[in-house]
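Provided herewith is a single structure, encoded as structure tokens, for subsequent inquiry.
Where a number appears in this text, it was derived from the coordinates with a stated rule and is not lab data. Keep in mind that what you see is a predicted model, and the values were worked out from it rather than measured. Glycine also receives a Cβ, built like all others from the backbone with ideal geometry; neighbour counts cover every protein chain displayed.
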Amino acid sequence: MNIHEYQAKQLLKGYGAPVAEGVAILSADEAEAAAKSLPGPLYVVKSQIHAGGRGKGKFKELGPDAKGGVRLAFSINEAKAHAKEMLGNTLVTAQTGAAGKQVNRLYIEDGADISRELYLSLLVDRTVGRVAFVVSTEGGMDIEAVAEKTPEKIITVAIDPETGVTEADVAKLNSALELTGEAAEDGKKLFPILYQAFVEKDMALLEVNPLIVMENGRLRVLDAKMSFDGNALFRHDDVRALRDESEEDAKEIEASKWDLAYVALDGNIGCMVNGAGLAMATMDIIKLYGKEPANFCDVGGGAGKEKVAAAFKIITADPKVEGILVNIFGGIMKCDVIAEGVVAAVQEVGLKVPLVVRLEGTNVELGKKILNESGLAITAADDLDDAAKKIVAAIAG
């Protein structure tokens, strides 16, 4: 689960991290009061969407010369004008895709005099099985581009969970970020704070880009991006309350209600499988035969008829789907249950696109019998290769 920048900063502020004063607004009418509540005279008006690259982004409804999704304002009136222009429009960034995201809220923040921009993130480094800091002196840039062109400028410091952030870890991080004086002293306080927040809130990612050294020599968290482990949200009611469903795919929201592992993709073949490995293999073979998957949909090992039907409805609700491939290996999940769920869903929502079903495993013959006797336009497949060929051919006409 992701949250907005302003929410992430409020969370970090509660741990004692240095963040600027700011106010989140939902309408342009709130901009003047928000700006007046801040020290000024420099204000930063920031679009709040779940995507990076906002500053370099462009609004669909505005001309090519219009400013991006993060703008400086040197007066309250200018902050108001920015808010009026940005709210309700669609911001397209490198991470949103061509469709972009509508800006429904803004964060008006007190400006800062920046001396240096740094990069810092925390994530789970699975190569060592520990939470690790990833830092670079190249802040404010696309970290992937830095990794590609100058990988030596990215330093990783893994943290021992038994000790937490030690003085030796702080020294490594300060050295990697070239922090001295007051900035180094601030780092000594900030690094343990960020690690504590990451661990206690079960985050999957905490990214500060940029972490800035101000002209006065102090550190400040200028931007903050957070992602949380969905499997741990039951422990964090405060985090769950921050969820903004308007930033999420409606199909993924519906899937979460049924405990389905569903991710919308850009292709045109809907996939329903059981097991992540089988899902990956199914998507790979679809690509092998020249098409693209429209989703990753794993119904799990113990799904019932109702859950299967729900998954089918979610897949068919995607207008990009031109065909559906159901690929189930019946172990814990029985093939007849899958067949009953598919038949029930098709009878309820109808079938407007080709449907290929490959079943194997427990009660496979019974499952095939249910499908064959349903009277529905369902194409059976003998194996995964056969299934992929048939669905690709069906879409091709």
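Once both labels are modelled 7 Å past Cα along the beta-carbon direction, what's the Ala317-Ala98 spacing in nm?
Here the answer is 2.5 nm between the modelled labels.
Kindly put Met1, Met86 in sequence by how many other C-beta atoms sit within 10 Å of each C-beta, fewest to most.
Ordered from fewest to most neighbouring Cβ atoms within 10 Å, Met1, Met86 come out as Met1, Met86.
Additional query: Going by average Cβ neighbours within 10 Å, how do the peptides 306-319, 161-174 rank, with the highest at the top? Before the final figure, lay out each step's value.
Numbers: 306-319: 20.3, 161-174: 14.4.
Packing order, densest peptide first, comes out as 306-319, 161-174.
Could you sort 380-391, 126-137 so that the peptide with the highest average Cβ count within 10 Å comes first and the rest follow in order?
Working: 380-391: 18.1, 126-137: 16.5.
The peptides rank, most packed first, as 380-391, 126-137.
Could you compute how fast the chain diffuses translationally, taking Rh as the Kirkwood radius over C-alpha pairs and applying Stokes-Einstein at 25 °C with viscosity 0.890 mPa s? Give it in µm² per second.
Values: Rh = 23.7 Å.
In µm²/s, the coefficient is 103.
Ok, one more. To the nearest 20 debye, what charge dipole does the chain have about its Cα centre, counting +1 at the Cβ of each Lys and Arg and -1 at the Cβ of each Asp and Glu? Numbers along the way, then the final one.
Details: 44 positive and 60 negative charges, 120 e Å.
Using only the charged Cβ atoms, the result is roughly 580 debye.
Put a dot 7 Å past each Cα toward the Cβ at Thr180 and Arg243; how far apart are the dots in nm?
My value for the distance between the label points is 4.9 nm.
Here is a further query. Using θ = phi - 60° and the Karplus form 6.51 cos²θ - 1.76 cosθ + 1.60, what ³J(HN,Hα) does each residue of the stretch 236-249 get, whole Hz, x for Gly and Pro?
Calculated HN-Hα couplings, in order: 9, 4, 5, 6, 4, 5, 8, 5, 10, 5, 5, 8, 10, 5 Hz.
Which shape class, rounded, prolate or oblate, goes with the stretch 249-396 when its Cα gyration tensor gives a ≥ b ≥ c as root eigenvalues, a/c under 1.5 marks rounded, and past that a/b bigger than b/c marks prolate?
rounded
Read phi for every residue in the stretch 93-103 and hand back ³J(HN,Hα) as whole Hz from Karplus 6.51 cos²θ - 1.76 cosθ + 1.60, θ = phi - 60°, with x for Gly and Pro.
10, 5, 9, 8, x, 5, 5, x, 9, 6, 8
What share of the DSSP beta bridges in the chain is antiparallel, in percent to the nearest 5?
Details: 49 of 68 bridges.
DSSP beta bridges in the chain are roughly 70 percent antiparallel.
Please give the FRET efficiency for Glu200 paired with Lys60, using the beta carbon to beta carbon distance and R0 = 56 Å, rounded to the nearest 0.05. Before the final figure, lay out each step's value.
Numbers: r = 39 Å, r/R0 = 0.70.
Between Glu200 and Lys60 the formula returns 0.90.
For a quick check of your reading of the filter: which trypsin sites (Lys or Arg not before Pro) in the stretch 325-368 sit in a DSSP loop and have no more than 15 other Cβ atoms within 10 Å? Write out the running numbers ahead of the final one.
Numbers: sites: Lys334, Lys352, Arg358, Lys368; in loops: Lys334, Lys352.
Sparse-neighbourhood loop trypsin sites (Lys or Arg not before Pro): Lys352.
Which of Met272, Gly52, Ala8 sits closest to the plus end of the dipole of the chain, meaning its Cα is farthest towards the positive end, when Lys and Arg get +1 and Asp and Glu get -1 on the C-beta?
Met272
Which of the GluC sites (Glu not before Pro) found in the stretch 1-101 are in a DSSP loop and have at most 13 neighbouring Cβ atoms, other than their own, within 10 Å?
Values: sites: Glu5, Glu21, Glu30, Glu32, Glu61, Glu78, Glu85; in loops: Glu21, Glu61.
Loop-located and lightly packed - Glu21, Glu61.
Between the DSSP loop rule and a limit of at most 12 other Cβ atoms within 10 Å, which GluC sites (Glu not before Pro) in the stretch 342-397 are left? Walk me through the numbers before you get to the answer.
Numbers: sites: Glu348, Glu360, Glu365, Glu373; in loops: Glu373.
Counting only loop positions with at most 12 other Cβ atoms within 10 Å, the GluC sites (Glu not before Pro) in the stretch 342-397 are Glu373.
Hey, another quick one. Give the residue from Val349, Ala28, Leu87 lying farthest towards the positive end of the charge dipole for the chain; charges sit on Cβ (+1 for Lys and Arg, -1 for Asp and Glu) and the dipole is referred to the Cα centre.
Towards the positive end, the residue furthest out is Val349.
Oh, and also: Across the stretch 249-396, how many lysine pairs, 8 or more positions apart or on different chains, have C-alpha atoms separated by under 18 Å? Please give the number.
Summing the qualifying lysine pairs gives 23.
What net charge is computed for the residues neighbouring Thr166, neighbours being all others with C-beta under 10 Å from the C-beta of Thr166, Lys and Arg scored +1, Asp and Glu -1?
Details: positive: Lys172; negative: Asp160, Glu167, Asp169.
Counting the neighbours of Thr166, the net charge comes to -2.
Here is a further query. For the residue pair Asp29 and Ser256, what label-to-label distance in nm results when each label sits 7 Å from Cα along the Cα-to-beta-carbon direction?
For the pair Asp29/Ser256, the computed spacing is 3.0 nm.
Rank Ile114, Gly97, Val128 by how far each Cα sits towards the positive end of the charge dipole of the stretch 57-155 (+1 on Lys, Arg Cβ; -1 on Asp, Glu Cβ) and give me just the farthest.
Gly97
Between Ala145 and Ser115, what is 0.36 nm times their sequence separation minus the Cα-Cα distance? Round to one decimal in nm. Could you put the intermediate results ahead of the total?
Numbers: separation 30, 0.36 × 30 = 10.80 nm, distance 2.22 nm.
Length gained, Ala145 through Ser115: 8.6 nm.
Using only alpha carbon positions, build the gyration tensor of the stretch 114-240, then give the equivalent ellipsoid semi-axes as the square roots of 5 times its eigenvalues, largest first, whole angstrom. Each step should come with its number before you reach the end.
Details: eigenvalues 108, 52, 48 Å².
After diagonalising the Cα gyration tensor, the semi-axes are 23, 16, 15 Å.
By per-residue mean of other Cβ atoms within 10 Å, what is the highest-first order of 275-288, 37-50?
Details: 275-288: 16.9, 37-50: 19.9.
Highest-to-lowest ranking by the protection proxy: 37-50, 275-288.
Once every DSSP H run of n ≥ 4 in the chain is given -39500 (n - 2.57) and the sum is divided by its residues, what mean residue ellipticity at 222 nm do you get, rounded to the nearest 500 deg cm²/dmol? Walk me through the numbers before you get to the answer.
Values: 13 runs with 139 residues, N = 397.
For the chain, the value works out to -10500 deg cm²/dmol.
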